[in-house]
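The values are calculated or read from the model by the stated rules, or taken from the named source; none is laboratory data. Everything quoted here is computed from the prediction, not taken from an experiment. Note that each Cβ is placed from the backbone with ideal geometry, even for glycine, and that neighbours are counted across all protein chains shown.
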Amino acid sequence: MRDYYTLKVNLPAGIVSPGTLQTILRLAYAANVRKVQFGARQQLLMTVHYEEMRFLEKDLQRHGIVYETNPEEYPNIISSYCGEDVFHTGAWLRESEYHTILDQFEYRPRLKINLSDSRQSFTPFFTGNLNFIASPEPHFWYLYVRPKRSNSLFCWPQLVYTNDIGRMARAVEIAMLDGKYHDGQELARAVTDAQSFITQPVGQEVDLPQFSLPYYEGFNRYGQRSWLGLYRPDEQFSVAFLLDICTLCLQTRIGELCATPWKSLIIKSIEEKDRAAWSFVLGKHNINVRHAANGLAWQTEDHSDEGSRLKNHILRYFERDDTRTFGLCFGIQTRPKTEVFGSVLIRKRPILRIGQLALFSVYDLFYTENFNPNSRVYHLFEKGLLRLHLPNQLNRLCRTFNARWLAQTPDTIRPEPDKTDTTLVAVVPLYECPHCLTVYDQQYGDCLNGIAPGVSFASLPAEYACPTCDAPRSEFRPLTHEMA
């Protein structure tokens, strides 16, 4: 008998109400679970001792909480809902559309389903078996099918209407898993011949945005409210902290929490009057929300302590060498037949085995086509690396990416011709927030904080904070800006 079991609770589209999460966490705490994780498919994960497992299962069943232990027969539906309104606003896709779709799933999907806004890059597009992507045509979606254990993508010949997504997903799943259809054209014919759907022809395939990972931690303003991003370097959230978060959400009338594919949590719609209460909870549990941006751009396998340790090992070298990682995200794969999202993939490969025991392993380093993490094509950069060689080779790969990016955008780096104008140039100091890169320019002031144009940085009040992420004035760093 195993000593510990992995228990998974799916959070469809990464959305969970504070009341539901509070119930799950209280039951977990009663079963001596003290820390939990959010998985790469926006699900809730916890490790439970076998002596507590049967009691926890009875409690979850009594409260109607659907769960799985160890096998992944029913993968979670993931979505870009967590980024709606805070990172981007779709042309027609709104949060209500996601709820409309989720209400259609009266069954538990056996295939991985992704729901994505085509204008964002925070969540992956093609890691599912059925990948629905919002099209430019209002209320119609692309469907890209990727058979299980396959790297090939098939674009469905019609756009699917929002209200038909659940029914279409069910029909495709039955045809793929029970009917054994895997060829794209045969699959489409089998599904559409059996029943009718509201569709439109696909004019051209989806045009995906260039990948850019937003900084998703800390307090950030949008409109008259704020959202809070919570990330833990070890991917572990204490149950006590999350229970306090749920209580505060209920007290301040916040109806949803959003798990992200980066194993973090986003809380939207925080009112300005409640900011002090949120800061109190963060301080009570000693939660830091000022991690470096290059530490956020990593994805490891669920419940992989080895992957987390390797990530932190590499990050220490990145910080020492000041490695530029902007525009890249990294995935670590330590187990076979797992999938992680990244434009750079570190894959562990055993070269000496005795039965199931790997005695000696090396690492292969890959990057995706055009360094786009949504690409399904991987190129080998280096193979057979020892752990101690990984940081230097990754540094080299990052430099390769930057060189390619500069070569593709020559207009932005072409030097200007020398000026013959001898007009004196005044140097106006600028100050930059090191966390979110917001710049304070005295020429414009800061309307959000009531600072009029012309006020120098030195004249700002001591309590001044970054208008984007609330970093204190003391953490800003000087830049220089030339004005004729």
Hey, Arg290 of a type in the set (D, E, K, R), surrounded by fewer than 16 Cβ atoms within 10 Å (Cβ to Cβ), out of contact with any Cys (no Cβ under 7 Å at 6 or more places or on another chain) and closer than 26 Å to Ser375 by Cα or not: no
Test result for Leu115, in a loop (DSSP other than H, G, I, E, B) and modelled with pLDDT of 95 or more: no
Filtered residues of the stretch 55-92 (kept if more than 20 Å from Ala13 (Cβ to Cβ) and at pLDDT 95 or above): Phe55, Leu56, Glu57, Lys58, Asp59, Leu60, Gln61, Arg62, His63
Condition met for Asp305 (more than 30 Å from Tyr5 (Cα to Cα), of a type in the set (Asp, Glu) and over 16 Å from the mean Cα position of the chain (by Cα)): no
Index of the failed condition, Ala175 passing every other in (1) surrounded by 14 or more Cβ atoms within 10 Å (Cβ to Cβ); (2) outside any helix (DSSP H, G or I); (3) not acidic (Asp, Glu): (2)
Selection within the stretch 278-287 - exposed (fewer than 14 other Cβ atoms within 10 Å of the Cβ) and in a helix (DSSP H, G or I): Phe280, Gly283, Lys284
Among (1) part of a loop (DSSP other than H, G, I, E, B); (2) at pLDDT below 95 - the single one Phe197 does not satisfy: (2)
Residues of the stretch 11-53 satisfying the condition of being assigned to a helix (DSSP H, G or I), of a type in the set (Gly, Ala, Ser) and buried (at least 23 other Cβ atoms within 10 Å of the Cβ): Ala13, Gly14, Ala28
Residue in the stretch 373-394 that is nearest to Lys348 (Cα to Cα), counting only those that are touching a residue at least 40 places away in the same chain (Cβ under 8 Å) and buried (at least 17 other Cβ atoms within 10 Å of the Cβ): Leu390
Selected residue [of a type in the set (Val, Ile, Thr) and either over 23 Å from Phe38 (Cα atoms) or touching a residue at least 60 places away in the same chain (Cβ under 8 Å) (or both)] from Ile174, Ile267: Ile174
Close pairs from the stretch 328-340: first within 13 Å of His303 (Cα to Cα) and touching a residue at least 12 places away in the same chain (Cβ under 8 Å), partner surrounded by 16 or more Cβ atoms within 10 Å (Cβ to Cβ) and acidic (Asp, Glu), Cβ under 7 Å, at least 6 apart: Gln333/Glu301; Thr334/Glu301; Arg335/Glu301; Thr338/Glu301; Val340/Glu301
Selection count, the stretch 341-372, where residues are at positive phi and free of Cβ contacts under 8 Å to residues at least 12 places away in the same chain: 2
Residue that is over 23 Å from Arg399 (Cβ atoms) and among the hydrophobic types (A, V, I, L, M, F, W, C), where the choices are Leu282, Leu310, Leu296: Leu282
Members of the stretch 405-457 found to be at pLDDT below 80, among the hydrophobic types (A, V, I, L, M, F, W, C) and farther than 28 Å from Tyr216 by Cα, listed by number: Ala407, Ile413, Leu424, Val425, Ala426, Val427, Val428
Test: residue in the stretch 86-100 that is in contact (Cβ under 8 Å) with a residue 24 or more places away in the chain, under 21 Å from Lys268 (Cα atoms), small (Gly, Ala, Ser) and crowded, with 21+ Cβ neighbours inside 10 Å: no
